[in-house]
1. What is the one condition in (1) among the β-branched types (V, I, T); (2) more than 13 Å from the chain's Cα centre (by Cα); (3) closer than 18 Å to Y69 by Cβ that V107 does not satisfy?
2. Tally time: how many residues in the stretch 74-85 are of a type in the set (A, V, I, L, M) and modelled with pLDDT of 95 or more?
3. Identify, by number, the condition in (1) buried (at least 18 other Cβ atoms within 10 Å of the Cβ); (2) under 15 Å from V97 (Cα atoms); (3) of a type outside the set (K, R) that P39 doesn't meet.
4. Identify, by number, the condition in (1) under 14 Å from the mean Cα position of the chain (by Cα); (2) assigned to a loop (DSSP other than H, G, I, E, B) that P7 doesn't meet.
5. Conditions: (1) within 18 Å of the chain's Cα centre (by Cα); (2) surrounded by fewer than 18 Cβ atoms within 10 Å (Cβ to Cβ); (3) farther than 22 Å from Q137 by Cα; (4) not aliphatic (A, V, I, L, M). P19 meets all but one. Number of the miss?
6. Right, L46: touching a residue at least 60 places away in the same chain (Cβ under 8 Å), closer than 22 Å to H122 by Cα and in contact with a helix residue (DSSP H, G or I) (Cβ under 9 Å, 6 or more places away or on another chain) or not?
7. In the stretch 32-43, what residues are touching a residue at least 40 places away in the same chain (Cβ under 8 Å) and either in a loop (DSSP other than H, G, I, E, B) or among the basic types (K, R) (or both)?
Amino acid sequence: MLLRDPPVDEDMLELPPAPEGEEIVFDYAATGLTLRRHPLALLRPLLAKRRLACAADLQDVAHGATVSYCGLVTLRQQPDTAKGVIFVSLEDETGVVQVIAWKHIRVRQRNELLNARLLAVHGTWQRECAVCSLVAQQLEDLTPLLGRLATASRDFR
């Protein structure tokens, strides 16, 4: 009761808003997601300079084309029936791309495949009717571009 409704004789302190990227980092730290723009939307100019496509760019790509794509790793799975193949789901601001990493890629680039949170994949676009996948030939861990953004994938065996 002593401090109920005490008189406050101070000017209201107004802080400038945090930059958008920092707000997104805070959102991910608190909830694991954001309702703001996708983090890769902020990185798109840099990724475009590296000639890394977004998921929307791949919609009309022909079967067998060589493509380079980058996305956040959201899922890794290696079913026992897959004979060493690892399937990776990557997400960007325009959609999701499924990646197939054959056993020789897993052996050669194990660290990138299993530890990257932001993964660039250079490979061959595979299209069979409505099902599309990127068959990895070379992987690149671009996680440092995320800065303090905390992301996590769901990994299954």
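1. (3)
2. The qualifying residues number 1.
3. (2)
4. P7 satisfies all of (1) under 14 Å from the mean Cα position of the chain (by Cα); (2) assigned to a loop (DSSP other than H, G, I, E, B) except (1).
5. (1)
6. yes
7. From the stretch 32-43, those touching a residue at least 40 places away in the same chain (Cβ under 8 Å) are 32, 37-41, 43; that's our starting set.
Passing the criteria: G32, R37, H38.
Yes/no matrix, rows are residues, columns are (1) modelled with pLDDT of 95 or more; (2) in a loop (DSSP other than H, G, I, E, B); (3) not aliphatic (A, V, I, L, M):
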residue	(1), (2), (3)
E23	no, no, yes
Y28	no, no, yes
P45	yes, no, yes
L72	yes, no, no
Q98	yes, no, yes
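The values are calculated or read from the model by the stated rules, or taken from the named source; none is laboratory data. Please read these numbers as outputs of a predicted model, since none were measured by experiment. Every residue, glycine as well, gets a Cβ built from its backbone with ideal geometry; the counts of neighbours run over all protein chains shown.
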